[in-house]
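The values are calculated or read from the model by the stated rules, or taken from the named source; none is laboratory data. Quick caveat: nothing in here was measured; it's all calculated off a predicted structure. Note that we place each Cβ from the backbone using ideal geometry, even for glycine, and neighbour counts take in every protein chain shown. Ligands, DNA and RNA are excluded from the accessible area calculation, which covers all protein heavy atoms including side chains. Shrake-Rupley method; radii C 1.70, N 1.55, O 1.52, S 1.80 Å.
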Amino acid sequence: MNTKQVKAFGTEAADANLEKLNIQRREITPNDVEIDIEYCGVCHSDLHFARNDWGFSVYPVVPGHEIVGTVVGVGANVSKYKVGDSVAVGCLVDSCRSCANCKVDLEQYCPEWVGTYGGHDKHLDMQTFGGYSECIVVDEHFVLSLPANLDKAAIAPVLCAGITTWSPLRHWKVGKDTKVAVVGLGGLGHMAIKLADALGAEVTLISRSPDKTQDAMNLGADRVVISTDESQMNAVQGYFDLIIDTVPYIHDINPYVGTLSTNGTLVLVGYLGPLDPMLNSMPMIMGRKTVAGSLIGGIAETQELLDFCGEHGITSEIEMIKIQDINEAYERMLKSDVHYRFVIDMSSLKK
């Protein structure tokens, strides 16, 4: 297959900084859309993958799965998009299309799903490269339409931070009579609050920091519970129908399980790995409570989210950076020094 060389930003090793490099993109196939990338959100997953924190990165790594741009080319069979359309690409660029999950629009759980970066490009027989680049070529099925009324830069994090929290909100049927708690106020947490509020739920932020109270209220929370305050935690025992835990590192979830109502669910969306301390099953059994996990969302669900954001005027709170500042941004992310999501102005790659 023919390819072309494009500029990108990536890393050749886990302990190396990201820097400018060249990658190969495939020429458009009949089902492909080529997108000129204008903005790309920065996700914790980008950092983890670049530094091989999960142990399966293949180098070179070009991160980025919150991609927004303009269509600059389409294949002969493409019917949904035309040159000049504003579009987006999230965390997925391919799947088997035929398994039980794919048939019900749950491509994120397909055994053969292909990540936007670090996956396997069947056309080129090599790993996929993400959105820290000039352009990307994606099968039409995995391209998303953007609402015209939203800021293109600020909608980028919705492709990951947004769908990661939207999917459990929809799966557990959150609405006006639902009591939702969000644990942690970062990139995921701030989107969870905005979306749960727009769905009509009563929304509570659970945080260790009283300093985040006003921010949470401004985002749509009805109240804030300080997790280190025993009296405040006691006041919400057995209260919440759904807890979305966005904390991205190992932590004790047992105190939160006790705040679930009978039949309530705590869903982990930020942390991958073993729990420590261990999960105490006693309150779960005594109240038919559930601890669950959720992974991003399928293509149809992501499009539903984008449309919902357009209807309700929802975008992420962002700080714009140049691609040359990405290594500093990673260090700031580790310190939670961003409110609440970095977005790269990809025009800076051309400089």
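Observations, loosely collected:
- When restricted to residues that are under 14 Å from Glu134 (Cα atoms) and in a strand (DSSP E or B), segment 42-67 contains 1.
- Only residues that are among the hydrophobic types (A, V, I, L, M, F, W, C) and open to solvent by 10 Å² or more (accessible area, probe 1.4 Å) were counted across segment 231-255, and they come to 4.
- Scanning segment 322-335 for residues that are touching a residue at least 40 places away in the same chain (Cβ under 8 Å) and open to solvent by less than 80 Å² (accessible area, probe 1.4 Å) turns up Ile323, Ile326, Asn327, Ala329, Tyr330, Met333.
- Members of segment 85-119 found to be charged (D, E, K, R) and in contact with a Gly (Cβ under 6 Å, 6 or more places away or on another chain), listed by number: Asp105, Glu107
- Annotation: of all residues in segment 68-81 being hydroxyl-bearing (Ser, Thr, Tyr) and outside any strand (DSSP E or B), the one that is most open to solvent (accessible area, probe 1.4 Å) is Ser79.
- Any hit, segment 40-57, residues being more than 28 Å from Glu317 (Cβ to Cβ) and either open to solvent by less than 20 Å² (accessible area, probe 1.4 Å) or touching a helix residue (DSSP H, G or I) at 6+ places or on another chain (Cβ under 8 Å) (or both): yes
- Filtering segment 168-217 to residues that are under 15 Å from Glu304 (Cβ atoms), open to solvent by 10 Å² or more (accessible area, probe 1.4 Å) and not in a loop (DSSP other than H, G, I, E, B) leaves Arg170, His171, Ala198.
Residue-by-condition table, conditions (1) of a type in the set (Asp, Glu); (2) at negative phi; (3) modelled with pLDDT of 95 or more:
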| site | (1), (2), (3) |
| --- | --- |
| Ile226 | no, yes, yes |
| Asp241 | yes, yes, yes |
| Thr246 | no, yes, yes |
| Tyr249 | no, yes, no |
| Gly273 | no, no, no |
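- Residues of segment 251-267 classified as farther than 14 Å from Glu230 by Cα and of a type outside the set (Val, Ile, Thr), total: 7
- Residues of segment 82-110 that turn out to be outside any loop (DSSP other than H, G, I, E, B), free of Cβ contacts under 8 Å to residues at least 24 places away in the same chain and open to solvent by less than 30 Å² (accessible area, probe 1.4 Å), as a count: 1
- Across segment 296-305, not a single residue is classified as on the phi < 0 side of the Ramachandran plot and without any contact (Cβ under 8 Å) to a residue 60 or more places away in the chain.
- Which listed residue is open to solvent by 30 Å² or more (accessible area, probe 1.4 Å), more than 18 Å from the chain's Cα centre (by Cα) and farther than 22 Å from Tyr109 by Cα, from Glu311, Glu319: Glu311
- Condition check for Thr228: in a loop (DSSP other than H, G, I, E, B), more than 20 Å from the chain's Cα centre (by Cα) and surrounded by fewer than 20 Cβ atoms within 10 Å (Cβ to Cβ): yes
- Filter result for Val137 (open to solvent by 20 Å² or more (accessible area, probe 1.4 Å) and out of contact with any His (no Cβ under 8 Å at 6 or more places or on another chain)): no
- Residue match in segment 256-266 (condition: surrounded by 15 or more Cβ atoms within 10 Å (Cβ to Cβ), within 30 Å of Gln5 (Cα to Cα) and among the hydrophobic types (A, V, I, L, M, F, W, C)): no
- Filtered residues of segment 7-39 (kept if open to solvent by 20 Å² or more (accessible area, probe 1.4 Å) and among the aliphatic types (A, V, I, L, M)): Ala13, Ala14, Ala16, Leu21, Ile28
- Screening Lys4 with (1) open to solvent by 50 Å² or more (accessible area, probe 1.4 Å); (2) in a loop (DSSP other than H, G, I, E, B) gives one miss only, at (2).
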